[in-house]
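These notes concern the structure reproduced below.
The values are calculated or read from the model by the stated rules, or taken from the named source; none is laboratory data. Here the structure is a predicted model, which means the values were calculated and not measured. We place every Cβ from the backbone using ideal geometry, glycine too, and count neighbours over all the protein chains shown. Note: areas computed on protein heavy atoms with side chains; ligands, DNA, RNA excluded. Shrake-Rupley method; radii C 1.70, N 1.55, O 1.52, S 1.80 Å.
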Amino acid sequence: MSNHIPSIILNCHTLILDIGDVLFTWSSQTSTSISPGTFHSITTSSTWELYECGKLTQDECYCLCADEWSLDTEELGRALRLAGQSISIDHDLISLIRQLKVEMGSSLRVFAMTNMSHPDYTFLREHVGDEDWSIFDEVFTSAAAGMRKPDLCFYRHVLEITHSSPDTTVFVDDKVENVLVARSFGMQGVVFSSSQGARANIRGLFGSPLARGKAYLDSHANILYSTTTTGVSFEDNFTQLLILEVTGQRELVDLASQSVSGRWNFFKGKPVLTTTEYPNDIDTTSIAMTVLQHDKELIQRVMDEMLAFKSPDGIIEMYFDHNRRRTDAVVCLNALTLFYAQGRGSDLSITESWVFDVLKNRAYIDGTRYYALAECFLYLLSRLLKKAGDDKLRERFLPLLKEHLQERVGAPGNAVALAMRIVACAYVGIRDETDTRRLLTMQLEDGSWEAGTLYKYGKSGIGIGNAGFTTALALEAVYSVEGRGHAAEMWEYLDVPRDMQ
């Protein structure tokens, strides 16, 4: 039997676009007596459909419509001409298509498929420059074909004439019923509701999402800052360390210099939206000491110091500060990861027992004091098991972790939640295709994924996210589901030219 894992990344080569209300729009608000409502009724009538299919001449159509709506024929003709003259071109979408054609060369074909009469198409060609029409390899109008959307025969006609395979074809239209029919053939359908949204969807269906994500990270190296839900951007060490761990690329991140004490602070510079003096924390320090190279004696000394900061219950705390007593289940996971990695997991046995109870009873479901998502707990628990290399720890936690991750597959979540879920699932042996497909649709036009809220200020609850970390982890998630190999190999793979991947 073959061990080949089918790719979840679509490899599309054909784009079929509607024209009206997608690439070109016009206004039904004219200086005539014909209202936009009447205008809409006319252009969606059965008479107009016959006109679009070439079964009626323009004069015949205008006369029939004027009679049906009790209008003056000349007034109707003037209204339609004025509407046509108000045409507006979506230059951003056209620019994207040109860019795609440059990137993909002759492998990308672009066609227009539109419900439009011959006179209206002729008028449009005269009023839109050849440069904008040059994006199309061919234009299919309902008038020329004698059939229209959403009739299946029109779709079949275009696919046959262009020799297009539905499973590598993307269809874009502003009408849901038209997109539904395209999807019924096996095409990828995009309902056009906004230019920005359509561009992001189209961008995600052509080319490599992995290469685009890497390009975003490379172009933002050393400026992958975190942002609060209130719009404040700042530099921190914590997410820089997480990005470094995922990518292995030191040149992407901007970290503070290591202090002599070995203790790390969440913030790289001045604290933001919190107290002026912000103590070093066990969370960031634990991450740093499992990601960066540190002197072994220094690590042992800092771990000894951490043990002095426990709650009355014996659970390790958040800060190196006895005046700031906080416990957090995810912080506990990160501290456990450090201690197990150094062969001292037993030093935090009480913390481990509490974390197990948090898992067993799904206490993490609404996040924790500092971490906003259930997936933060599950992902960082998978990180603990991966780095600990302890069979007894795996035996204790792995069955429950796998069960709880399986429960989360398909649950709502932002991009960072989905990425964490997918990566954690991959660790326990679950190939989460459902969430990976959703994650791919969330990739933005610039190649990144939206930061989302990863963690939060404990007192104010203000959320914090980092597009760099979300993008890096999304790349790892997609890479892992693709079955390409270990995440550590991802960057080397992404440096290979696309046609050799």
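Figures for the structure shown
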| read-out | value |
| --- | --- |
| Heavy atoms of VAL139: accessible area, 1.4 Å probe, square angstrom to 10 | 40 Å² |
| Cα gyration tensor, the range 232-314 - rounded (a/c under 1.5), prolate or oblate | oblate |
| Hz values of 3J(HN,Hα) by residue in the range 93-110 - Karplus curve (6.51, -1.76, 1.60), Gly and Pro given as x | 5, 4, 4, 4, 5, 4, 4, 4, 5, 5, 5, 9, x, 6, 6, 9, 10, 10 |
| Translational diffusion of the chain, µm² s⁻¹ [Kirkwood Rh, Cα pairs; Stokes-Einstein; 25 °C; 0.890 mPa s] | 94 µm²/s |
| Per residue, in Å², the accessible surface of the range 301-381 once ligands and nucleic acids are set aside, probe 1.4 Å | 37 Å² |
| Per-peptide average of other Cβ atoms within 10 Å, ordering 292-300, 7-15, 202-210, 378-386 highest first | 378-386, 202-210, 7-15, 292-300 |
| Model label zone, SER261; criterion: amide N under 14 Å from point 7 Å along Cα-to-beta-carbon; scope the range 319-342 | 319-324 |
| Proximal charge balance of PHE320 [Cβ under 15 Å; K/R count +1, D/E count -1] | -2 |
| Under 5 Å, built H, 5+ apart or other chain: amide partners of LYS175 | PHE192 |
| MET442 accessible area, 1.4 Å probe, all protein chains in place, Å² to nearest 10 | 60 Å² |
| Residue-count net charge about GLU235 - beta-carbon cut-off 11 Å; Lys, Arg +1, Asp, Glu -1 | 0 |
| Calculated FRET efficiency for the pair ARG324/GLU297, C-beta based, R₀ 22 Å, to 0.05 | 0.20 |
| Where a label projected 7 Å from the Cα of VAL102 along Cα→Cβ would reach, residues of the range 419-448 with amide N under 19 Å | 445-448 |
| Global geometry of the range 299-405, whether rounded, prolate or oblate, following the gyration tensor of its Cα atoms and the 1.5 cut on a/c | oblate |
| Ratio Rg/Rh, restricted to the range 183-255 and using Cα atoms, in which Rh is the Kirkwood radius | 1.13 |
| Local electrostatic count at GLY461 - Lys and Arg +1, Asp and Glu -1, tallied over other residues with Cβ under 13 Å | +2 |
| For the range 7-113: accessible area per residue (Å², 1.4 Å) | 47 Å² |
| Rounded, prolate or oblate (a/c below 1.5 giving rounded, otherwise prolate when a/b exceeds b/c) for the range 94-157 by Cα gyration tensor | oblate |
| Whole-percent carbon and sulfur share, accessible surface of the chain, 1.4 Å | 49 percent |
| Average accessible area per residue (Å²) across the range 142-282 - probe 1.4 Å, nucleic acids and ligands excluded | 43 Å² |
| Cα centroid separation, the range 372-424 to the range 125-196 (Å) | 42 Å |
| Extension gain from ILE365 to ILE350, taking 0.36 nm per residue of separation minus the Cα-Cα distance | 3.3 nm |
| Using alpha-carbon coordinates, inclination of helix 374-388 to the longest axis of the chain, degrees | 50 degrees |
| Pairwise label distance in nanometres, PHE185 with LYS386, each label 7 Å out on the Cα-Cβ vector | 4.2 nm |
